[in-house]
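**Q** This is the structure I want to talk about, given as structure tokens.
The values are calculated or read from the model by the stated rules, or taken from the named source; none is laboratory data. Keep in mind that this is a model prediction, so the values were computed, not measured. Cβ sites come from the backbone with ideal geometry, for glycine too, and all protein chains shown count toward neighbours. These accessible areas exclude ligands, DNA and RNA; they are computed on the full protein's heavy atoms, side chains included. Shrake-Rupley method; radii C 1.70, N 1.55, O 1.52, S 1.80 Å.
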Amino acid sequence: MPFQGDNVVVPAMKLENMLSMKGGIGEASYVNNSQAQARHAQSMSHLLEATLDGVQLESPEDPFVVADLGCSCGGNTIYIIDVIIRHITKRYEALGYGEVPEFSAFFSDLPSNDFNTLFQLLPPMSTNINGGSMEECLASDGHRSYFAAGVPGSFFRRLFPARSINVVHSAFSLHWLSQVPESVTDKRSTAYNKGRVFIHGAGESTTSAYKKQFQTDLAAFLRSRSVELKKEGSMFLICLGRTSMDPCDQGGAGILFGTHFQDAWDDLVQESLVDSEKRDSFNIPVYAPSLQEFKEIVEADGSFSINRLEVFKAGSPLVVNQPDDAAEVGRALANSCRAVSGVLVDAHIGDKLSDELFSRLECRATKQAKELLEQLQFFHIVASLSLA
């Protein structure tokens, strides 16, 4: 059966063909609601640079290739690529090279990603990109000193030729699953997530299904990168995580998707705008692993050595100018939630009912603004890996 709403019909399709952050530059777009991710990335930049220090540099005659996987459509990915290339350039300078290699940056995400908006944000190419000196490369403010290309596809499969990438970066993406486990939406299964749209607070069978899916997905990601990464390369990963050992407690993700967002869905059901089965057939495909779970998957795969693995407290995903303004906090939560899940909600119930859902979410969040600012905190798993 297709997904149906009041004013839209979207045929049932694989998650990877429809999942994306909300494109464009509107109020609820990812571009305008990813400031928290930018702050979190900046606060972890020293960890990224430590990983880059472990990359074995080749001759400047050989191209240096960087890939950002799960790049989305905002400016954060451009910032990260700039950090990587500038740091590598300085390393070449420190080694006494007068020239730098030609840099290439691959921006990769699912085919449904708004690559048009991303490429419109790209700075113009520097006129010194071909054989430029060290000084010219470092002084190219406002311009990019790298060739850029988009690579649509799932990072749970191969994306690049073998041994072609020097640095793989992926931030705030690996917690998204390749699919909602089938058993979670099967009414005959003990894992059926009845009455919920996320696994926060769900039963053991449901969370086990999500955990197994995450294990399968991360293992597939590692296998693919182990082929594509150059022997002297490195990989830097940031994944939404949790501090609790209990997968039923999804931490910050649980508060984002398992409280007021859940209540807003329940409002639609109680008001007969959406029936309960329609709600129960919608599940957010996110799993926040513990550090131990992440480590076990990497070790079981065996392709990578762990250079660094830790939990990093990043803070709130809400960025507001006036923390005492409850309305601004409520609007920020609704927009943040819509920026990352709105495309899925729109496809499931249509954009008119989606408007109703996020309006109710905003109202509920406004009433609990103070508690949200205090309780909604994200922890990230940070991993620096190199080929074993």
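**Q** Which Rg and Dmax, in Å, describe the Cα atoms of region 237-314?
**A** 16.9, 53
**Q** Okay, next question. State the extension gain, in nm to one decimal, for the chain segment bounded by residue 46 and residue 321, taking 0.36 nm per residue of separation less the distance between their alpha-carbons.
**A** Here the segment from residue 46 to residue 321 would lengthen by 96.4 nm.
**Q** Given N residues in region 164-275, what is its alpha carbon radius of gyration divided by 2.2 N^0.38 Å?
**A** Dividing the Cα radius of gyration by 2.2 N^0.38 Å gives 1.31.
**Q** Cα gyration tensor of region 250-388, axes a ≥ b ≥ c as square roots of the eigenvalues: rounded (a/c below 1.5), prolate (a/b > b/c) or oblate?
**A** The shape class here is oblate.
**Q** Whenever you get a sec, compute what percent of the accessible area on region 16-387 sits on carbon and sulfur atoms (1.4 Å probe).
**A** Heavy-atom surface of region 16-387 belonging to carbon and sulfur, 1.4 Å probe: 47 percent.
**Q** What are the DSSP H helices in the chain that stretch 18 Å or more along their long axis, judged by alpha-carbon atoms, and whose average Kyte-Doolittle hydropathy comes to at least -0.5?
**A** 76-94, 326-349
**Q** When the chain is fully extended, how far beyond the present Cα-Cα distance does residue 90 get from residue 273, taking 0.36 nm per residue of separation?
**A** Full-extension gain reported as 60.1 nm.
**Q** Under unit Cβ charges (Lys, Arg +1; Asp, Glu -1), what dipole magnitude, rounded to 20 debye, does the chain have relative to its Cα centre?
**A** Using Cβ point charges on Lys, Arg, Asp and Glu, the chain gives about 660 debye.
**Q** For the chain, report the translational diffusion coefficient in µm²/s to the nearest whole number, using Stokes-Einstein at 25 °C, 0.890 mPa s, and a Kirkwood Rh over Cα pairs.
**A** The Stokes-Einstein estimate is 113 µm²/s.
**Q** Express in Å², to the nearest 10, the accessible area of residue 114 obtained by rolling a 1.4 Å probe over the protein heavy atoms while all chains stay in place.
**A** Probe radius 1.4 Å; accessible area of residue 114 about 40 Å².
**Q** Starting from the Cα of residue 57, move 7 Å in the Cα-to-Cβ direction to define the label point; list residues of region 77-106 whose amide nitrogen is under 20 Å from there.
**A** Taking a point 7 Å out along Cα→Cβ of residue 57, the residues of region 77-106 whose backbone N falls under 20 Å are 81-105.
**Q** So if we plug the beta-carbon distance of residue 194 and residue 355 into 1/(1 + (r/R0)^6) with R0 = 45 Å, what FRET efficiency do we get, rounded to 0.05?
**A** 0.95
**Q** What order, most packed first, do the peptides 218-231, 152-165 have when packing is the mean number of other Cβ atoms within 10 Å of each residue?
**A** My ranking of the peptides, most packed first, is 218-231, 152-165.
**Q** Can you list the lysines whose alpha carbon is less than 20 Å from that of residue 230, not counting same-chain residues fewer than 8 positions off?
**A** List returned: none.
**Q** Quick check for you: with a 1.4 Å probe and neighbouring chains kept, what is the accessible area per residue of the chain, in Å²?
**A** Solvent-accessible surface per residue comes out at 42 Å².
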